Structure formats: C-alpha cells, structure tokens
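Take a look at the structure set out below.
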Amino acid sequence: MHTRTSLARDLRALGVRGGDTLFVHSSFRSLGRVAGGAQSVVDSLVNAAGDGLLLMPSFNLEGDRDERAARWDPATTPSSVGWLTECFRRMPGTVRSDHYSHSVAARGRDAAGVVDGHRRTEGLPSPWDRPPWGRTYGTHSPMIRARERGGRLLMLGVDYQSSTYVHVVEAMWWAERRQWDPEAAFAGLHRPGLGALWDRTGRVLRGCVGDAECRLFGIRDYVDTLLGIVRSTGTRWATAN
C-alpha cells in the first residue's frame with residue numbers, strides 16, 4: 001500500500017524538486033493501491049513541488065466542440081482526462097484557465113497569473129480555437145507559459161499518446177508552413193512514434209512512483225527537439241487528426 005509520504009519520496013527520487021514548474025499527465029490506476037486514494041496522490045505532488053507551481057490538464061473533451069462549448073463553465077465543468085485531474089481541479093486553492101476545451105488547472109507560485117489570459121488571441125493558431133475563447137496554445141495559454149518558465153513534464157504512468165504538448169509542436173509547425181503556403185492544412189503528428197524517438201535521444205529521467213512507470217523531462221527541450229525532427233522529416237510523422 002502506497003502513501004502520500006512514500007509517493008512524495010518516489011517523486012523526489014525521480015528528480016522532482018521543490019520550486020519546479022511541473023505539468024503532470026497522469027493515470028491514477030497505474031499507481032497501484034494508495035492509502036487515501038486520489039487525494040493522497042495529489043497531496044504527494046503538491047508536497048514534492050514545494051513552493052513551485054503544479055499544473056494539470058483539466059480538459060473538457062466529451063462530445064464534439066459545439067457540445068463542449070455549450071456546457072462549459074470553468075467553475076463546474078468536470079475534467080474529462082482522469083480522476084487525478086478532477087480531484088486536483090476541485091481542491092480549494094486550485095485555479096483554472098477559461099477555455100471551453102483545453103483548460104489547465106494550477107496551484108502554487110503565481111498560479112492565477114499563469115492561467116489568466118486564456119481568452120487572449122495572440123500567438124499560435126490551432127483547430128481548437130473558438131471565439132469568444134482565445135488561442136488554445138497561444139502566447140498566454142498556460143501550456144505555453146509553463147514552457148516559457150522552464151517547466152518540466154511529468155508523465156505519471158502514461159505513455160506518449162497522452163502527451164498533449166505534441167499539439168504545441170503541431171501548432172508551431174503549422175504556423176511555419178503557413179508562412180510560405182497560406183493554404184497549408186493543419187497536420188496531426190504521431191505521438192507514440194515521436195515519443196519513442198525522444199526516449200532514445202532526449203534527456204529523460206525515468207523511474208517508478210508507486211507502481212507507475214514515469215518519465216520526467218524539460219518541456220522546452222521536448223517541444224523544440226520534436227519540432228526540429230518534424231522540420232527535417234516533414235510528413236513522415238503526420239497522421240490523421
């Protein structure tokens with residue numbers, strides 16, 4: 001039986017440091033039996049990050065985009081990407097960005113400042129943009145702000161299919177291609193294939209938290225490396241979106 005104390009110890013052994021800006025993709029089930037359930041896991045993440053900033057996706061992905069927009073309320077719409085993210089969203093003191101589909105929840109250092117601005121329209125366009133909300137992965141979106149702050153990505157018991165930061169790479173690549181071809185179509189990228197290449201060539205810390213196999217690495221390094229791969233190999237990595 002794992003506890004919040006043992007999980008926090010595992011997180012520190014993996015490389016999580018107090019003061020980190022830490023973006024977490026997670027699978028509660030992968031951790032095994034945990035005393036206190038999801039709340040203990042979230043508490044262990046808060047503990048390990050210390051006086052840093054903890055972020056999780058709180059995406060609203062059920063149904064088509066019209067349905068997502070119709071039911072969106074940043075205060076009450078549940079996260080659809082796992083029980084840990086919903087537990088985190090509901091904790092007193094957690095704040096959430098205002099985006100109908102790809103909101104992010106945060107707590108810790110400057111959390112409100114990081115999630116504020118998701119309705120602004122500067123920066124990278126993407127297919128998920130929809131007025132009156134702003135750019136999904138724009139300049140003021142929490143995922144881009146986490147990258148600019150030197151944040152790290154913790155993949156807690158999940159594989160690269162869960163790596164939403166590949167959407168940032170897709171948006172960057174699309175913006176570049178549209179500079180010389182304004183009609184260039186947005187292209188999805190094959191997350192597992194790129195992830196396997198990143199595992200072989202990137203600076204990735206690996207270890208177990210509870211029973212979960214985990215990865216920890218820098219967001220900027222990850223995004224910039226994948227963008228360089230896609231630039232050089234083009235449509236090899238494109239897939240149906």
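The values are calculated or read from the model by the stated rules, or taken from the named source; none is laboratory data. Remember, predicted model here, so these are calculated numbers, not experimental data. Glycine gets a Cβ as well: all are built from the backbone with ideal geometry, and neighbour counts include every protein chain shown.
Elements of the type helices (runs of 4 or more DSSP H) sitting completely within region 120-231 and holding at least 1 residues that are out of contact with any helix residue (DSSP H, G or I) (no Cβ under 7 Å at 6 or more places or on another chain), β-branched (Val, Ile, Thr) and surrounded by fewer than 19 Cβ atoms within 10 Å (Cβ to Cβ): these cover 191-201.
Exactly one residue among ARG191, ARG152, ARG206, ARG215 is modelled with pLDDT of 95 or more, in contact with a Ser or Thr (Cβ under 9 Å, 6 or more places away or on another chain) and within 27 Å of LEU14 (Cα to Cα), and that residue is ARG152. If I filter region 61-77 down to residues being part of a helix (DSSP H, G or I) and in contact (Cβ under 8 Å) with a residue 24 or more places away in the chain, which single residue comes out as surrounded by the fewest Cβ atoms within 10 Å (Cβ to Cβ)? This residue is ARG65. Go through region 116-164 and report how many residues are closer than 25 Å to ALA75 by Cβ, touching a residue at least 24 places away in the same chain (Cβ under 8 Å) and polar (S, T, N, Q). Matching residues across region 116-164 total 4. Under the condition of being touching a Leu at 6+ places or on another chain (Cβ under 8 Å) and at pLDDT 95 or above, the residues counted in region 49-65 number 5. Of the set (1) more than 25 Å from VAL204 (Cα to Cα); (2) at pLDDT 95 or above, all apply to GLY117 but (2). If you take the residues in region 106-119 that are out of contact with any Ser or Thr (no Cβ under 6 Å at 6 or more places or on another chain) and assigned to a loop (DSSP other than H, G, I, E, B), which one is farthest from PHE88 (Cα to Cα)? Filtering first and then ranking leaves ARG119.
Candidates in region 78-96 are the residues that are touching a Ser or Thr at 6+ places or on another chain (Cβ under 8 Å) and part of a loop (DSSP other than H, G, I, E, B); of these, the one that is surrounded by the fewest Cβ atoms within 10 Å (Cβ to Cβ) is VAL81.
On inspection, THR239 passes the criterion of being in contact with a His (Cβ under 7 Å, 6 or more places away or on another chain) and either loosely packed, with under 13 Cβ neighbours inside 10 Å or within 30 Å of ASP64 (Cβ to Cβ) (or both). Of the residues that make up region 40-60, is at least one in a helix (DSSP H, G or I), in contact (Cβ under 8 Å) with a residue 40 or more places away in the chain and in contact with a Cys (Cβ under 6 Å, 6 or more places away or on another chain)? Yes, that holds for at least one residue.
Considering region 28-51, and only residues there that are of a type in the set (Ser, Thr, Tyr) and in contact with a Ser or Thr (Cβ under 8 Å, 6 or more places away or on another chain), the residue that is surrounded by the most Cβ atoms within 10 Å (Cβ to Cβ) turns out to be SER44. In region 218-241, the residue that is farthest from LEU14 (Cα to Cα) out of those that are at pLDDT 95 or above and in contact with a Gly (Cβ under 8 Å, 6 or more places away or on another chain) is THR225. Is it the case that region 150-173 has a residue that's under 18 Å from ARG65 (Cβ atoms), among the hydrophobic types (A, V, I, L, M, F, W, C) and in contact with a His (Cβ under 8 Å, 6 or more places away or on another chain)? Within region 150-173, none of the residues are under 18 Å from ARG65 (Cβ atoms), among the hydrophobic types (A, V, I, L, M, F, W, C) and in contact with a His (Cβ under 8 Å, 6 or more places away or on another chain). Regarding region 8-16, can at least one residue be identified that is among the β-branched types (Val, Ile, Thr) and under 21 Å from VAL204 (Cα atoms)? Checking region 8-16: at least one residue is among the β-branched types (Val, Ile, Thr) and under 21 Å from VAL204 (Cα atoms). The residue that is farthest from ARG231 (Cα to Cα), among those in region 154-207 that are of a type in the set (Val, Ile, Thr) and in contact with a strand residue (DSSP E or B) (Cβ under 7 Å, 6 or more places away or on another chain), is VAL158.
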